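Report on the structure given below.
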Amino acid sequence: MPPLLEVRNLTVEVPAKRGRPPVRIIEDISYDLDYHQTLGIVGESGSGKSMQALAMLGLLPLRKGGRIQGQVLFQGKDLLTLSPKALREIRGGQIGMIFQEPMTSLNPVLTIGRQLAEPLVHHMGMSYGKARRHAVDLLGLVGIPDAAERIRQYPFQFSGGMRQRAMIAMAIACKPKLLIGDEPTTALDVTIQAQIIQLIRDLRDEMRMSIIWITHDMGVVAAMADRVQVLYAGKIMETGPVEQVFGQPYSAYTWALLQSLPKRGQRPREPLFQIAGQPINPALRPPGDPFAPRNPFATPRCHLEMPPLRPVSDAASQHRVAAWYDLPRCLEQQQENNP
Ligand SMILES: Nc1ncnc2c1ncn2[C@@H]1O[C@H](COP(=O)(O)OP(=O)(O)OP(=O)(O)O)[C@@H](O)[C@H]1O
Ligand SMILES: [Mg+2]
């Protein structure tokens with residue numbers, strides 16, 4: 001069976017200041033997502049995580065001079081060539097989305113019940129009465145108590161965590177095959193975040209969904225994803241099965257992101273590892289590997305030429321990296337020099 005989603009050479013360019021060439025904020029991204037598979041997309045702020053998801057779904061408003069290239073095949077259909085109407089049918093139907101800030105996605109003047117029921121009427125052909133009863137079930141499913149009462153309320157009457165849950169209920173209402181979450185738990189406190197992650201995992205297994213989960217939290221990726229894509233300056237720096245990529249990273253960027261996590265048993269005043277420098281501005285991207293200026297292991301070639309994404313071991317390896325240097329060797333040498 002072909003994968004649920006095949007992204008091929010996705011590139012997004014936005015217009016630059018007058019007289020300048022367009023800026024590539026996503027460059028040549030390709031990957032497959034299987035049925036019932038979870039992909040985590042990580043990277044620092046500005047790495048292109050949201051742009052990638054929005055471009056795929058036709059939600060990126062492109063000003064004159066901007067363009068999206070490549071293919072995004074969802075069950076064999078290229079989303080980038082569909083009409084806006086056909087795309088709207090797929091979004092909210094077969095593809096559900098949860099965004100970072102629920103207040104921008106929930107309509108403040110409609111009750112939660114109405115917002116949940118409408119897609120059910122539209123995409124699933126339910127009567128309004130049936131859709132409302134189903135909406136109560138959905139709110140219950142995402143752990144909102146007194147759902148029958150709550151569906152009469154407006155978004156402002158919900159707490160932040162409840163709004164996130166309402167968003168999840170909306171995103172899964174039509175039993176999507178693919179759920180895309182863009183930092184949906186970032187604004188929540190850690191206990192609620194853990195509950196929501198558990199909820200998504202349960203729903204995934206129950207409904208056999210595939211998930212793309214965008215986050216800057218490597219811990220969340222480790223907790224829920226099968227695959228990970230590490231993004232920097234709009235490019236995939238490393239990708240593969242989570243346990244392989246996190247267990248033995250081959251990209252200095254992945255390694256640095258993992259090093260920046262607080263360690264178990266870390267003393268309160270012990271300094272945290274920091275990645276030197278700032279994420280680059282895509283408009284001022286140097287030639288070569290975009291992470292090279294911040295990479296302590298960069299070789300002269302890194303500054304000149306962008307490395308291709310290649311398998312880390314044999315050709316069949318799913319674990320792939322874009323690097324001219326050999327990170328495990330660099331780390332070994334570092335260890336020998338500073339025992
Ligand atoms: N409409 C736009 N026009 C031009 N450039 C944009 C536009 N929106 C975003 N960008 C640029 O695209 C790059 C990627 O932005 P994006 O929002 O995808 O980052 P992100 O990885 O989602 O970051 P965060 O973790 O902060 O959400 C950034 O450099 C940003 O400045
Ligand atoms: Mg974002």
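Apart from one condition, residue 33 fits all of (1) touching a helix residue (DSSP H, G or I) at 6+ places or on another chain (Cβ under 8 Å); (2) under 30 Å from residue 134 (Cα atoms); the exception is (1). Within segment 34-49, restricting attention to residues that are within 7 Å of ligand 1 (Cβ to nearest atom) and crowded, with 19+ Cβ neighbours inside 10 Å, the residue that is nearest to the chain's Cα centre (by Cα) is 49. The criterion of at least 2 residues that are within 16 Å of ligand 2 (Cβ to nearest atom) is met by the following helices (runs of 4 or more DSSP H) wholly inside segment 170-285: 218-224. For segment 1-33, the set of residues classified as under 20 Å from residue 239 (Cβ atoms), open to solvent by less than 70 Å² (accessible area, probe 1.4 Å), not in a strand (DSSP E or B) and not aliphatic (A, V, I, L, M) consists of 3 only. Just give me the residues in segment 216-267 being of a type in the set (S, T, N, Q) and surrounded by 23 or more Cβ atoms within 10 Å (Cβ to Cβ), in sequence order. 229, 239, 251, 254 - these are the residues of segment 216-267 that are of a type in the set (S, T, N, Q) and surrounded by 23 or more Cβ atoms within 10 Å (Cβ to Cβ). From the set of residues in segment 35-54 that are closer than 24 Å to residue 204 by Cα and of a type in the set (Gly, Ala, Ser), which is farthest from ligand 2 (Cβ to nearest atom)? Checked segment 35-54; the qualifying residue farthest from ligand 2 (Cβ to nearest atom) is 40.
The values are calculated or read from the model by the stated rules, or taken from the named source; none is laboratory data. Note that the coordinates shown come from a computational prediction; the quantities given were computed from them, not determined experimentally. Reconstructed Cβ throughout: ideal geometry from the backbone, glycine too, with neighbour counts over all protein chains shown. With ligands, DNA and RNA removed, areas are computed over all heavy atoms of the protein, side chains included. Shrake-Rupley method; radii C 1.70, N 1.55, O 1.52, S 1.80 Å.
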